[in-house]
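*Asks:* After the structure tokens below, expect a handful of questions from me.
The values are calculated or read from the model by the stated rules, or taken from the named source; none is laboratory data. None of the values given here were measured: they were computed from a predicted structure. Ideal geometry is used to build each Cβ from the backbone, glycine not excepted, and the neighbour counts take in all protein chains shown.
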Amino acid sequence: MQAWKDYQSQNKDRFLNELLDLLRIPSVSADSKYKNDVARCAEAVKTHMLKAGCDKAEVCPTAGHPIVYGEKLIDPKLPTILVYGHYDVQPPDPLNLWTSGPFEPVIKDGKIYARGACDDKGQMFMHIKALEVMAKTNTLPCNVKVMIEGEEEVGSSNLGLFLENNKEKLKADIVLISDTSMISMESPSIESGLRGLAYMEVEVTGPNRDLHSGVYGGAVANPATILCQMIASLHDENNHITIPGFYDKVEEMTADDRKALNAAPFNLDEYKKELGVKEVWGEKGYTTLERTGIRPTLEVNGIWGGYTGEGAKTVLPSKANAKISMRLVPNQNSTEISELFASHFRKIAPDTVTVKVTAHHGGEAVVTPTNSPAYKAAAKAILTTFGKEPIPTRGGGSIPIVALFEKTLGLKTVLLGFGLDNDNIHSPNEKYDVFNYYKGIETIPYFHKFFTESFGK
Ligand code: BES
Ligand code: MN
Ligand code: MN
């Protein structure tokens with residue numbers, strides 16, 4: 001569409017500068033010290049929705065951070081696309097590993113460096129700009145609702161209730177999300193599934209106080225040692241997870257589907273080199289793409305206890321702790337898996353310690369069918385702007401609200417993500433290529449067009 005091209009190229013610099021301004025707001029949802037910044041970011045998103053041509057936009061308060069909702073409804077007979085994204089970001093630490101300030105975006109070698117550049121401000125803002133392109137050129141083909149939340153990175157705990165309470169307002173025909181990644185710009189791809197998540201915290205307590213490790217060491221169990229032994233026992237020699245019942249509901253993929261998954265371009269040597277590891281690791285009998293796409297996993301996210309300050313202190317700590325998460329696949333239930341984990345972890349604890357297990361947020365896995373009209377519209381949009389048919393992949397990350405879109409609103413989702421796996425999301429020096437940002441703005445209107453054209457057919 002020439003009108004889209006023209007509008008985008010005439011407003012290119014502004015589109016970029018507006019994103020940079022948004023990235024300057026430190027909307028870290030996990031840390032209450034940023035509460036006002038999160039609120040300020042919500043207001044900014046609302047203002048952008050109105051500027052893009054929404055007829056209505058509002059900041060909806062929740063028990064946590066607000067949800068921003070906007071809409072442009074042109075004709076009830078036309079289909080409605082519900083765009084979802086998040087304006088909150090992960091904490092920026094460790095700060096000393098950033099080469100520039102996490103909230104002082106800079107462009108280097110065509111890449112925007114800032115916390116949230118890719119996850120998800122850069123990607124969700126493409127939708128607001130794409131909406132502007134369509135609205136201002138009078139070419140919007142369908143109704144659009146936009147819901148941008150501020151708690152995705154902390155588990156979307158208030159969004160579920162918002163869906164329950166706003167079923168009518170959120171009525172739509174499809175959910176469209178850009179919050180995932182592609183293989184590369186040369187091999188565009190669409191994620192056709194997300195993993196679920198069960199997140200646990202454990203505390204192992206030994207003696208009732210920290211002890212002198214010379215006076216008591218060797219005679220009293222060290223909770224740090226015990227915790228390490230317990231954690232190590234959670235995988236067997238084939239790197240299978242040892243929690244009884246963990247795999248019971250896991251659906252094995254057919255040989256054909258596995259073949260298709262492994263046909264995606266993937267270079268193991270480059271993968272290792274890029275990550276700085278000599279060898280990869282994982283569940284025996286599965287490839288790296290399968291290990292991150294269709295298999296459940298268990299990871300230690302953090303482990304601490306005892307003395308970690310400067311120099312040496314001889315101490316036998318009273319407590320040791322860890323945060324452990326499990327990525328889940330379709331049919332596994334996060335509550336059930338949390339319970340299996342908790343009872344197993346308590347069971348394997350020796351009498352020398354006591355353990356406390358608590359569950360944090362979780363969410364269910366989803367598969368987005370590749371034969372639906374919506375997926376086909378997304379594939380056609382990619383084909384139009386990339387000149388290549390996209391490859392369906394299975395993403396390893398989680399967006400827990402996607403399962404609730406289906407359960408609460410009866411809506412399927414299309415994951416039209418433009419990130420790259422090496423965008424350093426959740427890490428220092430997060431980046432997003434300016435090229436990807438513009439490519440997203442260029443591609444999204446085609447999804448709207450093709451989805452509308454295919455609607456009801
Ligand atoms: N955008 C990511 C999820 C993602 C990343 C999906 C890359 C596919 C590819 C999202 O913001 C995220 O980080 N989700 C968390 C879970 C959430 C409950 C904190 C995750 O996957 O760890
Ligand atoms: Mn995200
Ligand atoms: Mn994230």
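*Asks:* Can you tell me which residue is nearest to ligand 2 (Cβ to nearest atom) among those in the stretch 308-329 that are over 20 Å from residue 202 (Cβ atoms) and either surrounded by 19 or more Cβ atoms within 10 Å (Cβ to Cβ) or free of Cβ contacts under 8 Å to residues at least 24 places away in the same chain (or both)?
*Replies:* 329
*Asks:* What pairs come up if the first residue lies in the stretch 358-384 and is at pLDDT 95 or above, the second is among the basic types (Lys, Arg), and their beta carbons are under 6 Å apart, counting only those six or more places apart or on different chains?
*Replies:* Between residues of the stretch 358-384 that are at pLDDT 95 or above and residues that are among the basic types (Lys, Arg), the close pairs are 365/195.
*Asks:* Let me ask something else about it. How many residues are part of a helix (DSSP H, G or I), within 16 Å of ligand 2 (Cβ to nearest atom) and out of contact with any helix residue (DSSP H, G or I) (no Cβ under 6 Å at 6 or more places or on another chain) if we restrict to the stretch 386-416? Lay out the reasoning, then the answer.
*Replies:* Taking the stretch 386-416 as the starting set, the residues that turn out to be part of a helix (DSSP H, G or I) are 386, 401-409.
Add one more test, that the residue is within 16 Å of ligand 2 (Cβ to nearest atom), and what stays is 401-405.
This time we only want the ones that are out of contact with any helix residue (DSSP H, G or I) (no Cβ under 6 Å at 6 or more places or on another chain), so: 402-403, 405.
The total comes to 3.
*Asks:* From the list 51, 35, pick out the single residue that is surrounded by fewer than 20 Cβ atoms within 10 Å (Cβ to Cβ) and closer than 14 Å to residue 127 by Cα.
*Replies:* Result: 51 is the single residue among 51, 35 that is surrounded by fewer than 20 Cβ atoms within 10 Å (Cβ to Cβ) and closer than 14 Å to residue 127 by Cα.
*Asks:* Take residue 432 and tell me if it is aromatic (Phe, Trp, Tyr), over 16 Å from residue 364 (Cα atoms), in contact (Cβ under 8 Å) with a residue 24 or more places away in the chain and surrounded by fewer than 21 Cβ atoms within 10 Å (Cβ to Cβ).
*Replies:* No: the conditions fail for residue 432.
*Asks:* Would you be able to tell me the number of residues in the stretch 222-279 that are assigned by TED's automatic domain parsing to the domain that holds residue 348 and part of a helix (DSSP H, G or I)?
*Replies:* Total meeting the criteria: 10.
*Asks:* Hey, another quick one. When you scan the stretch 54-61, do you find a residue that is closer than 23 Å to residue 159 by Cβ and either hydroxyl-bearing (Ser, Thr, Tyr) or surrounded by 23 or more Cβ atoms within 10 Å (Cβ to Cβ) (or both), even just one?
*Replies:* yes
*Asks:* Give me the pairs: first residue in the stretch 336-355 and over 19 Å from residue 300 (Cβ atoms), second residue buried (at least 19 other Cβ atoms within 10 Å of the Cβ) and hydrophobic (A, V, I, L, M, F, W, C), beta-carbon distance under 7 Å, and six or more apart or on different chains, which are they?
*Replies:* The qualifying pairs are 350/226; 352/226.
*Asks:* Has the stretch 191-199 got any residue that is in contact (Cβ under 8 Å) with a residue 40 or more places away in the chain, of a type in the set (S, T, N, Q) and surrounded by fewer than 17 Cβ atoms within 10 Å (Cβ to Cβ)?
*Replies:* No, because not a single residue in the stretch 191-199 is in contact (Cβ under 8 Å) with a residue 40 or more places away in the chain, of a type in the set (S, T, N, Q) and surrounded by fewer than 17 Cβ atoms within 10 Å (Cβ to Cβ).
*Asks:* For the stretch 183-211, enumerate the residues that are in a strand (DSSP E or B) and more than 16 Å from ligand 3 (Cβ to nearest atom).
*Replies:* As a first pass, look at the stretch 183-211 and keep what is in a strand (DSSP E or B): 189-191, 193-194, 196-205, 211.
189, 190, 193, 198, 200, 201, 202, 203, 204, 205, 211, listed by residue number.
*Asks:* If I ask for residues that are within 16 Å of ligand 2 (Cβ to nearest atom), under 17 Å from residue 82 (Cβ atoms) and outside any loop (DSSP other than H, G, I, E, B), which ones from the stretch 147-167 would you list?
*Replies:* Within the stretch 147-167, 147, 148, 149, 152, 159 qualify.
*Asks:* Here is a further query. Can you confirm whether the stretch 107-114 contains a residue that is assigned by TED's automatic domain parsing to the domain that holds residue 144, within 15 Å of ligand 1 (Cβ to nearest atom) and not in a loop (DSSP other than H, G, I, E, B)?
*Replies:* no
*Asks:* If you don't mind, there's one more thing I want to ask. Would you check which residues across the stretch 342-374 are among the charged types (D, E, K, R) and part of a loop (DSSP other than H, G, I, E, B) and list them?
*Replies:* Correct list: 351, 364.
*Asks:* Okay, next question. Which of the residues belonging to the stretch 142-169 are away from ligand 1 (no atom under 16 Å from the Cβ) and in contact with a Pro (Cβ under 8 Å, 6 or more places away or on another chain)?
*Replies:* 142, 143
*Asks:* I need the full set of residues from the stretch 417-449 which are more than 14 Å from ligand 3 (Cβ to nearest atom) and in a loop (DSSP other than H, G, I, E, B), in order please.
*Replies:* 418, 422, 428, 429
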